[in-house]
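The values are calculated or read from the model by the stated rules, or taken from the named source; none is laboratory data. Here the structure is a predicted model, which is why all the values come from computation and not from measurement. A quick note on method: Cβ atoms are made from the backbone with ideal geometry, for glycine too, and the neighbour counts reach across all protein chains shown. Calculation scope for accessible area: heavy atoms of the full protein, side chains included, ligands and nucleic acids excluded. Shrake-Rupley method; radii C 1.70, N 1.55, O 1.52, S 1.80 Å.
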Amino acid sequence: MQKAPLILNRRTVVRELLRERGDLLLVAGLGTAAWDITAAGDHALNFPLWGAMGGAAVLGLGLALAQPSRKVLVITGDGEMLMGIGSLATIAAQRPHNLRVVVLDNERYGETGRQRTHTASGTDLAAVARACGFPQVRTIRAKHEIEGLRSDVQQIDDLLLAVVKVAVADDPLALPPRDGTYLKNRIRGAILGPDSILR
Amino acid sequence: MKTTVNQPTNHSHSRHWASDIYDVFKAQDIGIVSYVPDAGHSKLINLCESDPEIRAVTLTTEEEGVALAAGAYLGGKRAALLMQSSGVGNCINMLSLVRTCSFPFLTLITMRGEWGEFNPWQVPMGQGTPAALAAMDVLVERVAEAREVRGTVLAATKLAFNSYRGVAVLLSQQLIGAKQFLE
């Protein structure tokens, strides 16, 4: 079977998803996904990871359980999500209505020399999520589908995973702050107020 | 093959130590308890699962509990991770998150591979557990007596959340009772 070409530009996708983001809480998996969210504009409600590979989605679960009245978006790559593939079962079992996971799937380990990930060999992370019990699952391949996904991220009251198939890109680095303690305190202050850091 | 757990008989404590841990969780506002189950933790897991104020989260691998606790803390909730010593190795790289971001992190670890162990496959990770935690800058407390559980877990919880550190309490196999396979 001929595979569909990967055409979407990941930076454009992320910029569109974060347009008028409001008080959306945002976690990014390590590597290119963290650069993508930073290219769209660093933000106090961003928590970009520089490590902890495989932990982005389940870190988002913790945040979503702690802040049930806020929407939590995790943006990560296919390699990072594959490392934490079991966490999709953990998340689905909890079914947090306010968590959404977007996997930017270019079928490559982008930071290390573009080696093929298992999604290049047929692993379908959307199907995995569905089989784990995610109630809302999307696969996005075309530009006209992005606005619908943005609307779901903002509004849907249910657990969602979307795989966005994106092109292998050569975007310039857009590095977020890398002091983890600063990033932790920054988002806690933005969510819980400045006293949360001082206590 | 029988797989029952013998109960320790050498303590005069009237309540089970798992109830003491549960009391500390309640007093210290632990709202999320994640775990890969261990027989030694089963009583505590049951107490947490039947409490509507505690979110019990079953994990596929222990490292998920490290990231989950970090996310919960970002949102203002305290979490604890329950596991068996065999799960410590699964957590090693994820503990970078705790160290790099100065996250408070509390884990209670039931020990295998030591006192009276029958299963040789448990021994390497059980014996390696304190060093693996120390290598990732997690502070380690050990408790072998039921009457010391409450105080040790309370102190570990305060240490973790007041000093923004990873703290592990090792619950000795002597406390739990060695798993019996044959008798």
Practice task
Using a 1.4 Å probe and ignoring any ligands, DNA or RNA, find the accessible area of A:E145 and quote it in Å² to the nearest 10.
Solution key: 60
Handout entry: For B:L175, solvent-accessible area (1.4 Å; no DNA, RNA or ligand), Å²
Key = 0
Practice task
Assign one of three labels to region B:92-183, namely rounded, prolate or oblate, based on the Cα gyration tensor with a ≥ b ≥ c the square roots of its eigenvalues; rounded applies when a/c is under 1.5, prolate when it is not and a/b is larger than b/c, and oblate otherwise.
Solution key: oblate
Completion exercise
Once the in-chain neighbours fewer than 8 apart are removed, the aspartates and glutamates whose Cα is under 16 Å from A:K3 read A:D105, A:E107, A:D124
Completion exercise
For B:D137, the residues 5 or more places away or on another chain with a placed amide H closer than 5 Å to its own amide H are none
Exercise for the section: Have a look at A:P68, A:P48, A:P172 and tell me which one the Gaussian network model of chain A (Cα, springs below 10 Å) gives the largest fluctuation. Expected result: A:P172
Problem - Cα-based helix-to-principal-axis angle, A:146-155 vs chain A, degrees rounded to 10 - result: 30
Exercise for the section: Over the alpha-carbon set of region B:21-131, work out the extent along each principal axis and list the three values in angstrom, largest first. Expected result: 41, 33, 23
Completion exercise
Ignoring ligands and nucleic acids, A:W50 exposes an accessible area, probe 1.4 Å, in Å² to the nearest 10, of 100
Practice task
Note the angle between two axes, namely the Cα long axis of helix B:17-27 and the longest principal axis of the Cα atoms of chain B, as a number of degrees from 0 to 90, rounded to the nearest 10.
Solution key: 10
Fill in the blank from the handout: So A:S151 and A:T12, fully extended at 0.36 nm per residue minus their Cα-Cα distance, gain in nm 48.5 nm
Fill in the blank from the handout: In this structure, among A:K143/A:K184; B:K158/B:K179; A:K71/A:K143; A:K184/B:K43; A:K165/B:K77, pairs with alpha-carbon gaps over 29 Å are A:K143/A:K184; B:K158/B:K179; A:K184/B:K43; A:K165/B:K77
Practice task
Apply 1/(1 + (r/R0)^6) to the Cβ-Cβ distance of B:A131 and B:R99, taking R0 = 25 Å, and write down the FRET efficiency to the nearest 0.05.
Solution key: 0.95
Practice task
For region B:80-108 and region A:52-73, write down the distance between their C-alpha centroids in whole Å.
Solution key: 17
Handout entry: Rounded Å value of the spacing that divides the Cα centres of region A:77-105 and region B:136-183
Key = 31
Problem - CD proxy at 222 nm, helix term only [per DSSP H run n ≥ 4: -39500 (n - 2.57); per residue of the protein assembly as shown; nearest 500] - result: -11000 deg cm²/dmol
Problem - For region B:4-136: relative contact order, % (alpha-carbon pairs under 8 angstrom, 6 or more apart) - result: 22
Completion exercise
Expected unfolding gain across A:A120-A:D170 under the 0.36 nm per residue rule, minus the alpha-carbon gap, is 16.2 nm
